[in-house]
Amino acid sequence: MGAGTDDIRGKNGRGRPQVKDWIGRTFGSLTVVAYDGKRGGKHYWRCRCRCGGEAVVNQSNLQDGHTRSCGCLSNPAGTRHFVEGTCIESIRSRKVSASNKSGIRGVYQNKRTGRWAAQITFQGKTRYLGSFDSLKEAAEARAKAEQVFEEFLKRYGGPAQAARAGQEAGEALYGDIAALMALQIESSKLQKA
């Protein structure tokens, strides 16, 4: 190879293999965008992830499949949108845990008393909604409490709204907590009646 050899090809005079030109290739969620140099005997590539993040990855980790993202795949919480202590994706999801025997999120049967209990977690706090004689009553209490979710999702439902939400949180936080507390008080009044 001549003196004008491209930086990523290197000199092959000593029998060492040439650096592979991987610009534009995709490895998992990473697309190689530039060569980042050689350090500690390893070649490094600058990559852009599908999520928009960037990472500098050594060539052997790309080649062997050890690094497939900027870190977003190994840290799913990093790709979720948290606003005011609440994960938007969690409250939007209607998926019920496989271990849930009632079939309704936030509703379970108390093993000791046999009564049905309802609870809801919102903005980092779990609120007990009450204990009920029937599954239907507990489900109704949970559904009523989930109305707070609907209002919250209207404000911060998408990623764009979630990104703005950190700046606009202020008074909305107190309104949502007050509404949830009112539901909790109403639920306890129903229990006593």
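Quick notes
- Residue, modelled with the lowest pLDDT, within the stretch 16-33, restricted to residues that are of a type in the set (A, V, I, L, M) and surrounded by 15 or more Cβ atoms within 10 Å (Cβ to Cβ): Val19
- Residue in the stretch 65-87 that is within 26 Å of Glu140 (Cα to Cα), at pLDDT below 90, part of a loop (DSSP other than H, G, I, E, B) and out of contact with any helix residue (DSSP H, G or I) (no Cβ under 8 Å at 6 or more places or on another chain) present: yes
The values are calculated or read from the model by the stated rules, or taken from the named source; none is laboratory data. The structure displayed is predicted, hence computed values, not measured ones. Every residue, glycine as well, gets a Cβ built from its backbone with ideal geometry; the counts of neighbours run over all protein chains shown.
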